[in-house]
Amino acid sequence: MRGPIALAVLLFAAVRADGQDATAVTFFEKQVRPLLAEHCHSCHSAKANKARGGLTLDSRDALLKGGESGPAVVPGQPEKSLLVTAVHGTRAELQMPPKGRLRPAQVAVFEKWVKDGAVYPGGTVAAAPPSPQSAEARQFWSFLPLRRHPAPAVKDVAWTRRPIDSFLLAAMEARGLAPSAAADRRTLIRRASFDLTGLPPTPEEVAAFETDTAPDAYDRLIERLLASPHYGERWARYWLDLARYADVPESWVTGRGQAWPYRDWVVRALNADLPYDRFVQLQLAADLAPGATPADLAALGFLGMSPDYWKELQLDVEVIKSIVADEWEERIDAVSSTFLGLTVACARCHDHKFDPISTREYYALAGVIAGTRQVTLPLLPPAEGAAVRRAEAGVQALDEMGKAIKAKRPAPADLKAQLDVLASEAKRLEETPGYKVVPVRGVADGHISVVSRGPNATRLEFEDGVGRDIAMHTRGNPSRPGAVEPRRFLSVLSAGEPKRFSQGSGRLELARAITTDGAPLAARVVVNRVWKLHFGRGLVETPSDFGRQGERPSHPELLDDLAARFVAAGWSLKWLHREIVLSAAYRQGGATDAAKMTIDPDNRLLWRMSRRRLDVEAWRDAMLTVNGTLRRDLGGAPLELTDASNRRRTLYGLVRRRDLTDLLRLHDFPDPLTHTAARIPTTTALQQLYALNGPLLRQEAAALARRLAADEPAGGAARVRRAYSLLFHRAPTEREAALALGFLGSTPDADAWARYAHVLLGSNEFLFVD
């Protein structure tokens, strides 16, 4: 029911998405279980000779039961949890562990874990996963080879348009369901435009599509949208969530290249329909991959933008080793979660509790990361890049010379002449070809070593161009080295025994392994990501966890078949989009049905299209589009989103890793510190207050009012109709028109029209797409 347009954004309750439990499990396995195992279980576990104080900490039930002093944790309330009090060490009788104090960051892990509900998977003893090399391990659904599946027989054959429809319809019919009627053309063009470009269609485009009766009208619409340069912008933003993109890194990171060349490379790659396997390989090893161009070096931003943890080199060497090891873990997590949908980082301290990934294999991959150094990369051929680096070093040396001359006392008589000579020489060096080409925060091969230079003093040493196997860390502690582990790929995904990596860091070999031996899993993961973004939910609802703790696919044969055909189509993402958006399932309307809701209330079987809220980027971009101020040029340096003169797409807004703007922070934008598999939609009072009182809607409403005045100078009902055409691509109902004119009054001024435009921009109909 449309009714009057309202300001409130009220459709969804603020709930945790299905993937949140998996996130909590991952946090426990990566952060909490290693601390319990290293610092607590020797005295407080079922394996201890006698649990001290009657307390065991190797199951959730044991935590809740507690020991002689009472329950160890109160889920959600760290301030009332004895375990948290003990690790803080504020009470003499409860100071734990007894030997040594935990670091503040480790205490914070316990606090967050308890605050988030003290998730503790696996019971007292988790069932051990099969050996990575075993046949049993390889039989898990996500590790199996891809294969085509014949389309299942269905009753309503006429409804199907693409192979995926047969799989979906067969599942519906098995439950006594039928698909919904097709959406009207206005709904289809709005849905497809927002999905593929992140922008609304113009009223003229909607009108032309509604009157185009040719059988291929919809197909041509999809081809036009896929060919739009704005397609790459839309889908690049989804990828940047996975890559933990940030323009402004940590405050202590200086003298590095920019992040935005990576963002622009992703846009170009998607627009050019770069095969996905090549897309993966270049992001890990563009500097080593045959056939890569200097412009492709920007792809290395995926690793080059990795969060950089503060290393106070006046601290003990063991502390710095631990921090460096934490960085390796973060990068392994980003690579494995993004490209393979596996939580490999959970195996840092112990063999993975659920998946066939051993600690040895974790350190095999850690050796690749340890041999990879973050650097500033000029996007130039090697010879030009070397010349630019020499010129930069020269300019820096001249700058230091200038400072030294200025510091002399008394000042030399020819001070100005000396400085002019230095400035002239610096200017000459800055004219070196390629000097002004913006470099990227990238990576290069270079093995890192953390070495002591005396008590409480540490040095980081790099051997450029060198790769080396590293020693395992017993229970994840770099101060307790074990056997050296050869660099190689995961056994469970390899054909036979994994080959050792021997070329530099091993990045290129890893990239190739992901897209050859790991191709079935890599294909399933990316196909599921694209599916989820089109339908609002994935065939697998844990998009970055295809392991045993992840959800099982709702339509396994469909996912397998679609992934197999995706690979056969040359890993073409545009092919994948076509298969999905040209399907009958995607073209359905969104009407609810009480009887069907009883059978499938969550629409897991996709018997209709679910209404979806625009993400913050599409919401802001749509405002700028309808008020006629959007700049559509691609690429370039980011601009502040708080700057009222910024008319660029939100993709080009400045993202600070540790200080998001209110617009992004309040509207579910991902944390740039970590890989984000899926945004968790929320509806909060702060969002509604932002819509009512925030600067964004007020300034865009004023711009919309100016456009409406220019388009319909006469005002009145014609201007109201124009507003509805621009924002909603329909005419207002009689009641809506009457309400609008009643609100505006007989002689509305510019402020009245701006307030009316504010109401429209803040409405649910503008925020949601059917």
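Throughout, read-outs are computed from the coordinates displayed, never taken from laboratory work. This one's a predicted model, so the numbers in the text were calculated from it and none came from an experiment. With ideal geometry, Cβ positions are generated from the backbone for all residues, glycine too; neighbour counts draw on all protein chains shown.
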Starting from the Cα gyration tensor of the chain, take the square roots of the eigenvalues, sort them a ≥ b ≥ c, and report rounded, prolate or oblate (rounded when a/c is under 1.5, otherwise prolate if a/b is larger than b/c, else oblate). oblate
Net charge, residue 616 excluded, C-beta distance under 15 Å - Lys, Arg +1, Asp, Glu -1: 0
What does the C-alpha gyration tensor say about the overall shape of segment 384-430? Classify as rounded when a/c is under 1.5, otherwise prolate if a/b is larger than b/c, or oblate. oblate
Simple spin-label model, 7 Å along Cα-to-Cβ: residue 210 to residue 428 in nm? 6.9
Please work out whether segment 156-260 counts as rounded, prolate or oblate from its C-alpha gyration tensor, where a ≥ b ≥ c are the square roots of the eigenvalues and a/c under 1.5 means rounded, while otherwise a/b larger than b/c means prolate and anything else oblate? oblate
Starting from the Cα of residue 751, step 7 Å toward the Cβ, then list every residue of segment 685-710 with an amide N under 19 Å from that point. 692-707, 709
Surrounding charge for residue 574, neighbours by C-beta under 12 angstrom, Lys/Arg +1, Asp/Glu -1, total -2
Listed highest first by mean packing, meaning other Cβ atoms within 10 Å per residue, what order do 236-244, 627-635 come in? 236-244, 627-635
Give me, ordered by chain and number, the residues 5 or more places off residue 539 or on other chains with an amide H under 5 Å from its own placed amide H. 532
Segment 653-708 to segment 573-637: how many Å between their Cα centroids? 19
Highest mean first, how do 314-324, 526-536 rank when packing is the count of other Cβ atoms within 10 Å averaged over residues? 526-536, 314-324
Difference of contour (0.36 nm per residue) and Cα-Cα distance, residue 568 to residue 139: 152.2 nm
Residues residue 435 and residue 217, FRET efficiency given R0 of 45 Å [Cβ-Cβ distance, rounded to 0.05]: 0.30
